[in-house]
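Structure record follows, encoded as structure tokens.
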Amino acid sequence: YQRRVRGEFMELASLFARKNLYKYNKTFLLNSTSRKRTTLNFKTRKYGTNKIDTVVANADKRKKKGYVVCITSGKGGVGKTTTAASFAYGLASRGFKTCVIDFDIGLRNLDIHLGMERRVVFDFISVIKEECSLKQALIKDKRLPQLHLLAASQTRDKTALKEDGVERVLNELKNQDFDFIVTDSPAGIESGAHQAMYWSDTAILCTNPEMSACRDCDKMLGLISSKSKRAVEGKDPVETLLLITRYNPERVARDDMLSVSDIEELIGIPLLVSASLFFLDHFGGVCASLKVIKQNKNRG
């Protein structure tokens, strides 16, 4: 998905997994109050800790196949689909059999991100309505056989998502020995978003450094803690992690954007990593520029 475009767009999950992510001391962050450059010591300060290993470890600890990771937010346009595609590709590249499901019924985009838009014959709703088998609807990535896509329907609406149907599909995926199931949640808090987060074992909440995005993210966090299947059944809570996208320290220095500490204080969950243009050289690189992200999404 990413390496085919001159290697400019590294898979996000591999970025999380790098063991020496913080081995350099860099002067890169502008302090918004003093307006002076601040040095962060990555050897001692856990600023954007490595969490993919935590997700994998939790799956091993619970000794279950089909560990469900939900990529959600509440607000649209914060990078959920890009994150879901990158995260699923990263898991598959590490040898885990992974299925990524698009829950955005009627407005699917995940197939474009993965370059599979011309290969969609049957979709998620077709499986739920038993119009085809799950095997017929799953699309295997040509470059990475461990990665599979279950695309959303483009012609139906979110009312077609029924809890018993979604549960049946997820159980069937688990029976087919999928290690991880990544669910790409639509924006909002309606049926699609609810079904995506309801079954999750881990939820990665994406947000931009804006008050509206943070507020919607916080709302979704409350729904996960109270209305997920784990919450309803009184089991261990869903693991929740924060992903900040489009973070620009120069704008933070001008007080035009919320800082990382502001966002952490507002939402109050562990920071997964901050994906930023400015962090390219320091975090190993998510993307070279926003233009590259758009180009690669369009090319699949």
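So, Leu290, is that one surrounded by fewer than 17 Cβ atoms within 10 Å (Cβ to Cβ) and either modelled with pLDDT under 60 or of a type in the set (S, T, N, Q) (or both) or not? Judged against the criteria, Leu290 is a match. Suppose we keep only residues that are open to solvent by 30 Å² or more (accessible area, probe 1.4 Å) and within 18 Å of the chain's Cα centre (by Cα) within the range 175-198. Which one would you say is modelled with the highest pLDDT? Looking at the filtered set, the residue picked out is Asp179.
The residues of the range 186-201 that are among the aliphatic types (A, V, I, L, M) and assigned to a helix (DSSP H, G or I), listed by number, are Ala193, Ala196, Met197. Out of the residues in the range 121-134 that are free of Cβ contacts under 8 Å to residues at least 40 places away in the same chain and not β-branched (Val, Ile, Thr), state the one that is nearest to Asp164 (Cα to Cα). Step by step, filter the range 121-134, then rank; the result is Lys129. The residue list Arg143, Arg118, Arg156, Arg168 contains one member that is surrounded by fewer than 24 Cβ atoms within 10 Å (Cβ to Cβ), in a helix (DSSP H, G or I), out of contact with any strand residue (DSSP E or B) (no Cβ under 8 Å at 6 or more places or on another chain) and touching a residue at least 12 places away in the same chain (Cβ under 8 Å), which is Arg168.
Conditions tested, residue by residue: (1) within 16 Å of Val69 (Cα to Cα); (2) part of a helix (DSSP H, G or I); (3) without any contact (Cβ under 8 Å) to a residue 60 or more places away in the chain.
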position	(1), (2), (3)
Leu205	yes, no, no
Pro209	no, no, yes
Leu221	yes, yes, yes
Arg230	yes, yes, yes
Glu250	no, yes, no
Asp256	no, no, yes
Ile263	no, yes, yes
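Looking only at the range 121-133, filter to residues that are in contact with a Phe, Trp or Tyr (Cβ under 9 Å, 6 or more places away or on another chain) and more than 10 Å from Ala151 (Cβ to Cβ); which one of those is most open to solvent (accessible area, probe 1.4 Å)? My answer is Glu131.
Residues in the range 203-256 that are more than 17 Å from the chain's Cα centre (by Cα) and surrounded by 21 or more Cβ atoms within 10 Å (Cβ to Cβ): Ser228, Pro249, Val252.
The values are calculated or read from the model by the stated rules, or taken from the named source; none is laboratory data. Keep in mind that this is a model prediction, so the values were computed, not measured. All Cβ positions, glycine included, derive from the backbone under ideal geometry; neighbour counts span all protein chains shown. For accessibility, only protein heavy atoms count, side chains too; no ligands or nucleic acids. Shrake-Rupley method; radii C 1.70, N 1.55, O 1.52, S 1.80 Å.
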